Every structure is written in C-alpha cells, then in structure tokens.
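Encoded as structure tokens, the structure appears first; notes follow it.
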Amino acid sequence: MSVMTATSDSVSIPTVDLEDIVSSDAARQARATAAIREAFGVYGLIYIRNHPVDAKSLEVFYQSFREFCARPEEEKRKLARPDLWYQRGWTPPNTEVAVAAQGQPDFKECYFAVPLAVDPNAAAQYPELYPENIWPNDAALFKETYLRLGRELHDTGITLLRGCARALSLPDDIFAKATEGAPHVTRVLNYLPLSKEQVNTNIVWGEEHTDFNLLTLLPGGRFFDPSGKASGRPDDKSGLYLRTRASAAHPQGLKVRGVPPEGCVIAQVGQQLEILSGGAFVATPHVITAPGVPGYSRLSSAHFIHLHSNEVLFPLPSFQNAETIRSYAPPVLAGTYGIKTLVDIGLAPRSALDSLGYRHYDRLDEARALDKAL
Ligand SMILES: [Fe+2]
C-alpha cells in the first residue's frame, strides 16, 4: 500500500436493502436510491443486505475449492487453458498481472466458470469470451455449489442494477436488458500463503486495479491459518482495501478497508458502469494486501456482470457533455473492450489485438505477387 495515501476505517459506506429496491413503497425505494447514489458516486462500493446468497452453500463451496486446490499441480495443469485466455477452468499462480503492477503477477490461483446461459450469436462472434465450462473430475459438489453461488450473486446484481438505473434517472430495466446473455463469469480465488522470507516484501495478493466489467459482486472471503483451519484476519493489514474518489482534501483518494456488516454482500462499480454513467458512478480501485505473517491463505469469490458484447461503451445520452465525451471517446463495443483488457492483464496474447482490424490484406499481396509473376 502506498505510504503517500491516507487510510481510514472511519468512512461509512452505505448499505442497501435489496428488498427496498423491489418494494412498491415509494419511501423504501427512495431510501435505496439515496444509498446507491452516495455509495457508487463517492466510493464505487456498496454493502447489500437481504440478498439471496445461501451462507451454508457458500461454506461448502469454499471447502470444495480448497480440496481442488490441494490436488496435484499436474492434475490442475490439465484445466489451465491459455487457448481460452483462462476464461474457464484453472488459472495458475504467476499468470494474471494488474495493469498497474509493472509486471509483477498476483500471488494467487483461481478458477473461472459461467453460471448462466449465454447468447449463442455472441459466442460465435467472440469465441474466447464465451467458452463452455470445464470441470475437474470427481468434483460434483464443487460444480453444484459453484453454479448456485454464481446464479445467486447474479440475481443480486440484476436487482441492484435496477436500483442503479433509478439512481441515475434512467429506465429501470436499461442495465438488466443490456446484460442479457452476456459473458458473465464467476471466479473463485485462492490467495497463496507467504513464506517467512516473502512477508513484508513487495508481494501483494492482488495488485490495485479497477474491474473492467459492469458490476462485481463479492460474497466475502475466508482466511485459513498455517494448519489449514478457518481463522479470523491474521493481522491488521491483510484483506480488501478500496480507494475513494479524489477530493480537494484527499487528492489521491482515501484507502478504506472493505469490511461489510455481518452477512452482507459487497458490490463494486466496474469500468463499464463508470463509462455509461459518464463518471457519475466511479469504478473502484481496490487492492488485496497480503498478511505480514507467514502461512496464512485466503479464499474469496467474485461474480462479474458484463454488458452484452455488442453493447456500445460510451456515456449514455443523458451523461454526454464536452468533458465526458473527451474522457470516454471513442465509443467501442463491450466485446472489443474486453479483448483489449484481457491482453492488458496478461490473460490473452497480444496477437488477439490483430482481430480488431482488417485481417485479409494478404489477398491483395497475393494478387500483386501474381501481377509480378505474369
Ligand atoms: Fe477486482
């Protein structure tokens, strides 16, 4: 964590009650809208209560993922798919690099799966963004609880997006419609224990970044002590921190620890929601810091809601002005934006960018070669 940035545990990040959003009571709706406007306008993050995520099933899921992580590396390697840009199956440690990390990969292994049906047309147009799921052998409980968690977090996010639309004075279903059949993905992560020599060096579990999707849902992580037993936070510095929007008093923003009230899910604004709202909602920079004591690991999971790949990423008409147009031009498709980002963070090869321009110049080269031959 930067020594230049002030930290604070004292800011109060709003909590939204999901039932307020769907209530027909105008006062409850207004309470939810106000909470979302402040939380996403200032912090880019909100806590959600009364959500459908089942706590018991989440515990079983984490336990089954721990069992998967303990399998021999040789077995896990078979599920590592650079050809799918790691968008499904296992991502080995030392693979993903945050854009700000200057080449240092995150200290984690993770798994990707899609919990919902996708648009088959988009899958044909962007094959690497929409691959089929792949699963380990003999992991029925892992698969079942994984898909369940993904669907529960997705439902949570879609309801919250209705509240977001209202908070931005947009039609209620504008975001829900724009996300149908999109390449949503649920990820589970194992942040690796540090050795005695590694603690208090520059290793971070997840370098500071903003998410490139529309909205991210986090159901809460779990620490494990060196013996493998579930434990509380091993020290003061480990876990999720976010950086608030810059202000006159804090031009670098404030670093705030993300500690939701008991049982709440966290939602974070991604780059796509920031762009559509012309910056009215801010994508949250966040970092996962490693503990200052050796041997502790942490499991966490996230569900990433995306725009449909053929949606245009640009401020919506009511958010267009000279400044937002300058900030977010040119308009691009969410799918091509995704391809560029996956190259930037080291999951897709640089050659993927070639598909964003014309690829058939060789036809002319061949014709001209024939000119010369005749
Ligand atoms: Fe993230």
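This table checks each residue for (1) within 18 Å of the chain's Cα centre (by Cα); (2) aromatic (Phe, Trp, Tyr); (3) not in a loop (DSSP other than H, G, I, E, B).
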{"residue": "Ala124", "(1), (2), (3)": "no, no, yes"}
{"residue": "Ile134", "(1), (2), (3)": "no, no, no"}
{"residue": "Lys143", "(1), (2), (3)": "no, no, yes"}
{"residue": "Leu160", "(1), (2), (3)": "yes, no, yes"}
{"residue": "Gly163", "(1), (2), (3)": "no, no, yes"}
{"residue": "Asp172", "(1), (2), (3)": "no, no, no"}
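Considering only region 134-145, I want to know if a residue exists there that is buried (at least 21 other Cβ atoms within 10 Å of the Cβ) and more than 27 Å from Gly41 (Cα to Cα). Checking region 134-145: at least one residue is buried (at least 21 other Cβ atoms within 10 Å of the Cβ) and more than 27 Å from Gly41 (Cα to Cα).
Suppose the filter is within 25 Å of Val60 (Cα to Cα), within 16 Å of the ligand (Cβ to nearest atom) and either surrounded by 20 or more Cβ atoms within 10 Å (Cβ to Cβ) or of a type in the set (S, T, N, Q) (or both); does Leu218 pass it? It is true that Leu218 is within 25 Å of Val60 (Cα to Cα), within 16 Å of the ligand (Cβ to nearest atom) and either surrounded by 20 or more Cβ atoms within 10 Å (Cβ to Cβ) or of a type in the set (S, T, N, Q) (or both).
On inspection, His308 fails the criterion of being within 14 Å of the ligand (Cβ to nearest atom) and either under 30 Å from Arg148 (Cβ atoms) or assigned to a loop (DSSP other than H, G, I, E, B) (or both). Only a single item in (1) closer than 30 Å to Lys196 by Cα; (2) in contact with a Phe, Trp or Tyr (Cβ under 9 Å, 6 or more places away or on another chain) is not met by Pro294, and it is number (2). Being within 16 Å of the ligand (Cβ to nearest atom) and either surrounded by fewer than 21 Cβ atoms within 10 Å (Cβ to Cβ) or not in a loop (DSSP other than H, G, I, E, B) (or both) is the filter here, so list the residues in region 195-209 that pass it. Residues satisfying the conditions are Val204, Gly206, Glu207, Glu208, His209.
Evaluating Ala182 against the criteria (1) under 21 Å from Val287 (Cα atoms); (2) in a loop (DSSP other than H, G, I, E, B) leaves one unmet condition, (1).
For region 329-356, filtering for residues that are under 19 Å from Leu276 (Cβ atoms) and in contact with a Phe, Trp or Tyr (Cβ under 6 Å, 6 or more places away or on another chain) leaves 3. Within region 221-241, if we keep just the residues that are closer than 25 Å to His154 by Cα and not charged (D, E, K, R), the residue that is nearest to the ligand (Cβ to nearest atom) turns out to be Leu240.
I'd like the residue in region 287-304 that is closer than 18 Å to Cys110 by Cα, surrounded by fewer than 23 Cβ atoms within 10 Å (Cβ to Cβ) and not small (Gly, Ala, Ser) and, out of all such residues, is farthest from the ligand (Cβ to nearest atom). So the residue we want is Tyr296.
Take the conditions (1) outside any helix (DSSP H, G or I); (2) of a type in the set (A, V, I, L, M, F, W, C); (3) at pLDDT below 95; (4) within 15 Å of the chain's Cα centre (by Cα); Leu342 misses just one of them, which is (1).
The values are calculated or read from the model by the stated rules, or taken from the named source; none is laboratory data. Quantities reported herein were computed from a predicted structural model and do not represent experimental measurements. Quick reminder, even Gly has a Cβ in these numbers, built from the backbone with ideal geometry, and neighbours come from all protein chains shown.
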